[in-house]
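Structure, as structure tokens:
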Amino acid sequence: MKAVLGIDFGKKRIGTAINFSDMAEPLEVVANEFQSAEQPVSLAALQRLREICQERRIEQLVVGVSEQEMAGYSSHFGQILAQ
């Protein structure tokens with residue numbers, strides 16, 4: 001089964017969950033320092049997410065998209081991860 005990391009973006013915290021079988025279990029909460037709409041994620045948070053992906057051999061990322069204002073931030077965050 002492919003290792004998938006689910007990500008719930010937040011301005012202060014980024015929640016992560018990993019799949020086990022057909023279920024997901026909480027993994028870790030990563031601190032985030034929101035700067036602006038152009039830079040919604042801190043470099044430290046990106047580094048920790050990279051480490052989690054390497055440690056857990058993640059093959060796919062799934063970013064949850066919130067509603068209203070946070071939807072734009074979550075989408076932009078997902079674009080940053082894709083790069």
Among the residues of the range 60-83, how many are open to solvent by less than 40 Å² (accessible area, probe 1.4 Å), over 10 Å from the mean Cα position of the chain (by Cα) and not hydrophobic (A, V, I, L, M, F, W, C)? 1
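Within the range 12-24, take every residue that is modelled with pLDDT of 95 or more and more than 10 Å from the chain's Cα centre (by Cα) and give me the one that is farthest from residue 63 (Cα to Cα). Walk me through how you get there before you give the answer.
Filtering the range 12-24 for residues modelled with pLDDT of 95 or more gives 12-18.
With more than 10 Å from the chain's Cα centre (by Cα) added as a condition, the list becomes 12, 18.
Numbers: 12: 16, 18: 12 Å.
Restricting to residues being modelled with pLDDT of 95 or more and more than 10 Å from the chain's Cα centre (by Cα), the top hit is 12.
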Subset of the range 1-23, residues in a strand (DSSP E or B), touching a strand residue (DSSP E or B) at 6+ places or on another chain (Cβ under 9 Å) and open to solvent by 70 Å² or more (accessible area, probe 1.4 Å), comes to 8, 13
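Hey, can you tell me all the residues within the range 30-83 that are of a type in the set (Lys, Arg) and at positive phi? Talk me through it step by step, then tell me what you get.
Residues of the range 30-83 of a type in the set (Lys, Arg): 48, 50, 56-57.
Listed by number, the list holds a single entry, 57.
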Residue count for the range 33-59, restricted to those that are under 14 Å from the mean Cα position of the chain (by Cα), free of Cβ contacts under 8 Å to residues at least 12 places away in the same chain and open to solvent by less than 40 Å² (accessible area, probe 1.4 Å): 1
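Kindly check whether there is at least one residue in the range 47-55 that is of a type in the set (Val, Ile, Thr) and outside any strand (DSSP E or B).
Yes: one or more hits.
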List every residue pair whose Cβ atoms sit under 6 Å apart, with the two residues 6 or more apart in sequence or on different chains, where the first one lies in the range 1-27 and is farther than 24 Å from residue 73 by Cβ and the second, anywhere, is open to solvent by less than 100 Å² (accessible area, probe 1.4 Å) and not hydrophobic (A, V, I, L, M, F, W, C). 2/60
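The values are calculated or read from the model by the stated rules, or taken from the named source; none is laboratory data. If you're wondering where the values come from, they're calculated on a predicted model, not measured in any experiment. Here Cβ is always computed from backbone atoms with ideal geometry, including for glycine, and neighbour counts include all displayed protein chains. When the accessible area is computed, the model is the full protein with side chains, heavy atoms only, and any ligands, DNA or RNA have been set aside. Shrake-Rupley method; radii C 1.70, N 1.55, O 1.52, S 1.80 Å.
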